[in-house]
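The values are calculated or read from the model by the stated rules, or taken from the named source; none is laboratory data. Remember, it's a predicted structure, so these values are computed and weren't measured experimentally. In this analysis, Cβ positions are derived from the backbone assuming ideal geometry, glycine residues included, and neighbour counts consider all displayed protein chains. Please note that ligands, DNA and RNA were not included when accessible areas were found on the heavy atoms of the full protein model with its side chains. Shrake-Rupley method; radii C 1.70, N 1.55, O 1.52, S 1.80 Å.
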Amino acid sequence: MLEALTGTGLAASAGLNAYIPLMVMGLLARYTELIDLPSGWAWLGNGWVLTILGLLLAVEVVADKVPVVDHVNDVVQTVVRPTAGGLAFGAGSGAQTVTVSDPGSFFTSHQWVPVVAGVLIALGVHGVKAAARPVVNVSTAGFGAPVASTVEDIGSVLMSVLAILMPILVLVGLGLLVWAVVLIMRRRRRKREIAASGTARLFG
């Protein structure tokens, strides 16, 4: 159960920022005793991998805070974030390998299940993020983009750390995420209703 919560939290974190959960796992595995990655995922703690992840994270952090550029970045990340979510869930839930030497064995042993679960979770969170950002940009004339992005980055870091250290609290984070989705959907519905009533008055 705790392994599943760890994987879920890391995958959700990847939906907000693809590189943060991978870096958190890699750094903690390399420099602390807080996490012991399965042998098949030990590459996350490699110095070169962490350097590349750091560079990609820097690009992501800057691009996601610039209006219009953030939309283009979200389109690109539609592939990257779910992939990172699959890797994060697989590593966090204790999957034994990421390199499939025997595809038949891989599927029959269900080692693919955590990866697919992580992909779907990260894709869902990414979809919410990508849908919410245009609403934030329009309602704040673009000034809200860096604030929203910073909150998302902080949320990704906290979710990653909690998933590893206190996985039970992942449920709280997921609850807050669901609350945010409901809030965003209500605001979008309210704006549509206002726009519709304005059009009706104009032509009515």
**Item:** Residue list for region 7-18, restricted to those being open to solvent by 20 Å² or more (accessible area, probe 1.4 Å) and within 14 Å of residue 91 (Cβ to Cβ)
**Value:** 8
**Item:** Checking residue 60 against (1) over 22 Å from residue 170 (Cβ atoms); (2) open to solvent by 10 Å² or more (accessible area, probe 1.4 Å), the condition it does not meet
**Value:** (2)
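For (1) at pLDDT 80 or above; (2) basic (Lys, Arg); (3) buried (at least 19 other Cβ atoms within 10 Å of the Cβ), each residue gets a yes or a no:
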residue	(1), (2), (3)
105	no, no, no
114	no, no, yes
130	yes, no, no
136	no, no, yes
139	no, no, no
**Prompt:** Are there any pairs with C-beta distances below 6 angstrom linking a residue in region 165-183 that is within 24 Å of residue 27 (Cα to Cα) to a residue that is open to solvent by 60 Å² or more (accessible area, probe 1.4 Å), with the two at least 6 apart or on different chains, and if so which?
**Reply:** 167/2
**Fill in**
Among residues of region 55-96 being more than 27 Å from residue 136 (Cα to Cα) and in contact with a Ser or Thr (Cβ under 8 Å, 6 or more places away or on another chain), the residue modelled with the lowest pLDDT is 96
**Request:** State all residues of region 1-52 that are among the β-branched types (Val, Ile, Thr), touching a residue at least 60 places away in the same chain (Cβ under 8 Å) and not in a helix (DSSP H, G or I); if no residue qualifies, say none.
**Result:** 35
**Message:** Being open to solvent by 40 Å² or more (accessible area, probe 1.4 Å), over 30 Å from residue 147 (Cα atoms) and small (Gly, Ala, Ser) is true for just one of 29, 42. Which residue is that?
**Reply:** 42
**Message:** Going residue by residue through region 154-166, is there one that turns out to be open to solvent by 60 Å² or more (accessible area, probe 1.4 Å) and at pLDDT below 75?
**Reply:** no
**Message:** Filter region 172-204 down to the residues that are modelled with pLDDT under 75, open to solvent by less than 90 Å² (accessible area, probe 1.4 Å) and either over 25 Å from residue 60 (Cβ atoms) or not aliphatic (A, V, I, L, M) (or both) and list them by number.
**Reply:** 173, 182, 188, 195, 196, 197, 198, 199, 200
